[in-house]
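In what follows, a single structure is set out as structure tokens and then discussed.
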């Protein structure tokens, strides 16, 4: 691992199996531990890696001017709808 001089940037290598190591300092700073899931996102200038959470990706189809409270309300309504559909439409095999 090497550290870039001009920014808070770390460099690691990709293994033969396509694996990468998240530097310890970044794992500690962002609370990443063994077994956590991370999200790889394509962005205009490359790739963004984020800790995957229950709400990661929420609001991606909502206009930017919608408040955070309204986004949360919409997400909760969608979750309730999905739970209800699973409860009423699921049949054991």
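The values are calculated or read from the model by the stated rules, or taken from the named source; none is laboratory data. Every value quoted in this text rests on a predicted model; they were computed, and no experiment measured them. Reconstructed Cβ throughout: ideal geometry from the backbone, glycine too, with neighbour counts over all protein chains shown.
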Do you know which residues across the range 66-93 are assigned to a loop (DSSP other than H, G, I, E, B) and modelled with pLDDT of 80 or more? 67
Find all pairs meeting these conditions: Cβ atoms under 9 angstrom apart; at least six residues apart or on different chains; first residue within the range 30-51 and over 17 Å from residue 19 (Cα atoms); second residue part of a strand (DSSP E or B). 30/50; 30/51; 31/51; 42/48
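Every residue, every condition in (1) in contact with a strand residue (DSSP E or B) (Cβ under 9 Å, 6 or more places away or on another chain); (2) closer than 29 Å to residue 76 by Cα; (3) modelled with pLDDT under 90; (4) not assigned by TED's automatic domain parsing to the domain that holds residue 74, yes or no:
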site	(1), (2), (3), (4)
6	no, no, yes, yes
9	yes, no, yes, yes
13	no, no, no, yes
16	no, no, no, yes
19	no, no, no, yes
24	no, no, no, yes
28	no, no, no, yes
31	yes, yes, yes, yes
39	yes, yes, yes, yes
